[in-house]
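Undergrad: Take a look at this one; I'll ask things after.
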C-alpha cells in the first residue's frame, strides 16, 4: 500500500493553543506524520521546540528514562557520565562559557521549568572504589548507585524507581520525590540468571501499581519478574509467551555496540524466547501488561489473572528492521484508545488502536531537528494527550509533542 505522508496542518497548530495549555504558538513546529488507516481517526501532534526550559549552562546527556507523574509533571532520567569534556567545559575548567552536567533525575512542570534535580552515589547505600587503570580497572566495594542508569518510573506516591544496565548494575533502587533512599531490589555485582528469585541481571524498566512491582530484567537476563509491593518478596517470573524464561543470559557485560549488532541473526518476531534486550514493561488498561522485546521487533501483550499471567498476542513493529531494532517503549492515550510505541531504529512513534493493535499511523523521523529522533528511547503521555520522548546515544534530549487534534 502506498501511504501518503501528512504533515500537521496550520489549523491544527492553531488548535494546539486551545487544548494544550502551556504551548506557545511560535515554538510549535510541524512534524512528519502519516495516517495509515484513514477509516480510523488519528491523534495529530506538533513539537514544542521551546520545551523544556533548561537552566542556564545546563546541558542534557543521554536520557534513558521518562515518566509523567499523576500531577502531569515530567521526570527525565539523565546520564551525566555520557557527556564529554567539551560538553561540560564549565565543570572541568576547560571553558569560560558553557556547560555544566545535570544530576541524574530531573523533574519538569508543564511549562518545562525544572522543579527539582538529584542523583548520584551519595544517595544510595554502600561505597566502592576503582582499583587498577584503564580496561584493567575493577570496582571494589558495595556501592549500589548504578554505573549506568536505565529506566525510570514514578508511582502515585511520587516515589521514584531507577534501574541500571552498566557493569554490575543488577539493581532497582527506590527513592522519595526528593531523592531519599527507601529500598532496593537486587544487589549490584550479583546476578544468578533467569530463574533467580532474588537477584537481577541489568534491569531495563520498572512498573509499580501499589500491589506489585514488575521489572523488565532485560539486558543480561531475558525475563519479566514480579515482586510484592510491601515487602518486595518474589511473586512470579516469566519469559516469552508466559513460559519459563529461555534463551540463556548475555555472556559478559552489556556494551552499547551490542545494541546494534546483527550477530544474533536479526529479529525473530516468532522466537519462543525474549531477545537479548527486554526493554520495557508497562501496565495497560484491562489488566494488561505490555513487554518490549526490542531485538525481536515486537511487543508481547499479557493479561494478569488470578492464576498469574496469560499471553494475549504479539504486536510486531516493522518486522524487517535491523540495527537497533524497534519496540523500545510503550505508552497509552489518556482514554486508553490508542497505544504509542517508540521505534528506535526507524525514528518514529507508531500509533495503534489498543483494541486489536491495528496500526493507525505514525509521527517522527530520524534526524536532529525538532520532531526528529536519534536513538529514540522512551515515550510517555500526560493527561491532556501530549506525548513526551527521550533519546540516548548522540540524541541526548527530551521532546514534547503537543496534541493538536484528530485527523479524520
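Each reported figure results from applying straightforward, stated rules to the coordinates on display, with no laboratory input. On a predicted model such as this, the values are computed, not experimentally measured, just so you know. No Cβ is skipped: glycine too gets one built from the backbone with ideal geometry, and neighbour counts run over all protein chains shown.
Undergrad: Would you mind estimating how fast segment 162-201 diffuses translationally, via Stokes-Einstein at 20 °C and 1.002 mPa s with the Kirkwood radius over Cα pairs, in µm²/s?
TA: Estimated via Stokes-Einstein, D reaches 202 µm²/s.
Undergrad: Distances over 18 Å make up what percent of all Cα-Cα pairs in segment 202-260?
TA: It works out to 40 percent of all Cα pairs.
Undergrad: Calculate the spin-label point distance for residue 198 paired with residue 313, positioning each point 7 Å from the Cα along the beta-carbon direction, and give it in nanometres.
TA: About 4.2 nm separates the two model spin labels.
Undergrad: Does segment 222-348 classify as rounded, prolate or oblate by the C-alpha gyration tensor (a ≥ b ≥ c root eigenvalues; a/c under 1.5 gives rounded; else a/b over b/c gives prolate, otherwise oblate)?
TA: In terms of gyration-tensor shape, oblate.
Undergrad: Can you bin segment 141-224 into rounded, prolate or oblate? Criterion: square roots of the alpha carbon gyration tensor eigenvalues sorted a ≥ b ≥ c, rounded for a/c under 1.5, prolate for a/b above b/c, oblate for the rest.
TA: oblate
Undergrad: I'd like the distance separating the alpha-carbon centroids of segment 345-408 and segment 93-137, in whole Å.
TA: 27
Undergrad: Compare 46, 306, 216 in a GNM of the chain, Cα atoms joined below 10 Å, and give the one with the largest fluctuation.
TA: Between 46, 306, 216, it is 306 that shows the largest mean-square fluctuation.
Undergrad: Could you give me D for the chain, from Stokes-Einstein at 10 °C and 1.306 mPa s, where the hydrodynamic radius is the Kirkwood radius over C-alpha pairs? Units µm² s⁻¹, please.
TA: On the way: Rh = 21.4 Å.
Using the Kirkwood radius from Cα pairs, D works out to 74 µm²/s.
Undergrad: Of the candidates 373, 363, 254, which one comes out as most mobile in a Gaussian network treatment of the chain with C-alpha springs shorter than 10 Å?
TA: Answer for the Gaussian network model of the chain: 254.
Undergrad: Would you calculate the volume per residue, in Å³, of the smallest convex hull containing every Cα atom of segment 24-119?
TA: 150
Undergrad: Same structure, new question: Can you work out the PRE-style zone for residue 26? Point 7 Å along Cα to Cβ, and I want the residues of segment 48-79 with backbone N under 19 Å.
TA: Answer for segment 48-79: 48-54.
Undergrad: If a/c stays under 1.5 just call it rounded; otherwise compare a/b with b/c (prolate if a/b is bigger, oblate if not). Do that for segment 269-408, with a ≥ b ≥ c from the square roots of the Cα gyration tensor eigenvalues.
TA: Oblate, because a/c is 1.5 or more while a/b does not exceed b/c.
Undergrad: Okay, moving on. Report Rg (one decimal) and Dmax (nearest whole number) for segment 80-155, counting Cα atoms only, units Å.
TA: Considering segment 80-155 through its Cα atoms, Rg and Dmax are 15.6, 46 Å.
Undergrad: Here is a further query. When N counts the residues of segment 113-183, how does its alpha-carbon radius of gyration compare numerically with 2.2 N^0.38 Å, as a ratio?
TA: This ratio for segment 113-183 stands at 1.23.
Undergrad: Under the rule of -39500 (n - 2.57) per DSSP H run of 4 or more residues, summed and divided by the residues of the chain, what mean residue ellipticity at 222 nm is obtained, to the nearest 500 deg cm²/dmol?
TA: So the helix-based figure for the chain works out to -1000 deg cm²/dmol.
Undergrad: Could you please tell me the mean projected area of the C-alpha convex hull for segment 264-329, averaged over all directions and given in square nanometres to one decimal? Kindly include the intermediate steps, with their values, before the conclusion.
TA: Working: hull surface 17.7 nm².
Answer in nm², one decimal: 4.4.
Undergrad: Below 8 Å, C-alpha to C-alpha, sequence gap of six or more: please give me the relative contact order for segment 282-408 in percent. All intermediate terms of the calculation are to be shown ahead of the outcome.
TA: Values: 308 pairs, mean separation 19.0, N = 127.
Dividing the mean separation by the residue count of segment 282-408 yields 15 percent.
Undergrad: Still on this structure, please answer the following. What order do you get for 338-347, 151-160, 135-144, 105-114 when each peptide is scored by the mean count of other beta carbon atoms within 10 Å, highest first?
TA: Result, highest mean Cβ count within 10 Å first: 338-347, 151-160, 105-114, 135-144.
Undergrad: If you don't mind, another one. State, to one decimal in nm, how far the label point of residue 121 lies from the label point of residue 353, with both points 7 Å from Cα in the Cβ direction.
TA: Computed distance between label sites residue 121 and residue 353 equals 5.3 nm.
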